[in-house]
1. Fully extended, how many nm does the chain gain between GLN113 and GLN215 (0.36 nm per residue separation, minus their Cα-Cα distance)?
2. For region 111-116, in order, what is each residue's ³J(HN,Hα) by Karplus, 6.51 cos²θ - 1.76 cosθ + 1.60 with θ = phi - 60°, in whole Hz (x at glycine and Pro)?
3. Expressed in nm to one decimal, what extension gain is obtained for the pair ILE268 and PHE191 from 0.36 nm per residue of sequence separation less their Cα-Cα distance?
4. Treating the beta-carbon of each Lys and Arg as +1 and of each Asp and Glu as -1, no other charges, what is the dipole magnitude of region 33-101 about its Cα centre, to the nearest 20 debye?
5. Pairs of lysines 8 or more apart, or on different chains, with alpha carbons under 25 Å: count those in the chain, would you?
6. Given [x] 31; [y] 70; [z] 42, which label gives percent of Cα pairs over 30 Å apart as computed from the coordinates?
7. On a 0 to 90° scale, report how tilted helix 75-84 is relative to the longest principal axis of the chain, with both axes built from alpha carbons and the result rounded to the nearest 10.
8. Before rounding to the nearest 500, sum -39500 (n - 2.57) across all DSSP H runs of length at least 4 in the chain and divide by the residue total; then give [θ] at 222 nm in deg cm²/dmol.
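The values are calculated or read from the model by the stated rules, or taken from the named source; none is laboratory data. Computed from a predicted model, the values in this text were never measured in an experiment. Glycine also receives a Cβ, built like all others from the backbone with ideal geometry; neighbour counts cover every protein chain displayed. Please note that ligands, DNA and RNA were not included when accessible areas were found on the heavy atoms of the full protein model with its side chains. Shrake-Rupley method; radii C 1.70, N 1.55, O 1.52, S 1.80 Å.
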Amino acid sequence: MDKMMDNRWFLRITALLLAFLLFFSVKAEDNSAGTTDTSRTSEVIEDVELEVYHDNSLMVSGVPKTADLHLNGPVSIIQTARQLEDFTLFVDLRNLPVGEHQVPIQSENLSEQLNIRVDPAFVNVVIEERVSQEFRIDPEINDRMLADGFILESVSVDPETVTVTGPRSVIDAISFVKATVSGERGVNKSFTTPARVRVLAEDLTKLENAEIEPQEVEVDVDVVEYSKVVPVRVEATGESLPGITINGWSTATEEIEIFGPQTIVDEITEYVVEVDAGNVTANDDTVEVELKIPAGASAVSPAQVTVEAETVVDDTVEQPEDLGDGE
């Protein structure tokens, strides 16, 4: 072995082999570096959620929910960024005073080897005082939900007030706070249902960027059948019994209530109580009359009235026995 190491040709061949190995190693590294430098691409990651850093005692408006991120750089780094999504787009408002500002959208956790552009690059924001105020709720229901012949008697809500928190400009713009009941048509009885609370401006547009507590309330809806009270007029039918003269009629029930569709009930101006004069006897001048329901109506109240006759009895005329006594 020592002789080989001392051989001049052995040393030359060994040096030549080492030179070849070194040459090809450097060449491979150059090729690798050249490939990395030329393997670049551009890509857009759309709708990246924006973070907003601000003082929690203040309210911010004008910041979009998302922005588009434009990247240019090595393919592998862009692919890694898209797959991991560990980067952040944000606007930092922590050191800004109340008022209007134009601020840049910034990024973090992205490789320095990337060229970055955010669309939009700047946003116009308004920083305002956070305000909380209590408002009374106005419950409402669409009358078209009610069945024909039924009306809304009352609507109430529990709780009666909500607390609205938001920017000063939004709170000052609130004109109405409503809990609106919606549902199927044909409602003919009272019910309770949950309803979401909305805050509205004077022109009835919904105001955004407001926190409502509670967001949902219970609305009690009292539904009754439509009715109308009309005066009573007594009208006699038939003939009175022999020896009995009827000079007039009276009843303690001066009015009755008629139920049914409004178009029909509103046409009725009085209720005529028809009483058979033949039911008045010398011993009993009162008649119980069952009230008929007018055509198209659904009910009357009361269902029966007592009518009293003003009579003159001729004692010389023999009176028939009362029907009740004969049974």
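1. Values: separation 102, 0.36 × 102 = 36.72 nm, distance 4.74 nm.
Gain on extension, GLN113 to GLN215, equals 32.0 nm.
2. 4, 5, 7, 9, 8, 10
3. Values: separation 77, 0.36 × 77 = 27.72 nm, distance 3.02 nm.
Here the answer is 24.7 nm.
4. Computed charge dipole of region 33-101: roughly 120 debye.
5. Numbers: LYS65/LYS206; LYS178/LYS189; LYS178/LYS206; LYS189/LYS228; LYS189/LYS292; LYS228/LYS292.
So the count works out to 6.
6. Checking each listed value against the structure points to [y].
7. For helix 75-84, the angle is close to 30 degrees.
8. Numbers: 6 runs with 60 residues, N = 327.
The helix-only estimate for the chain comes to -5500 deg cm²/dmol at 222 nm.
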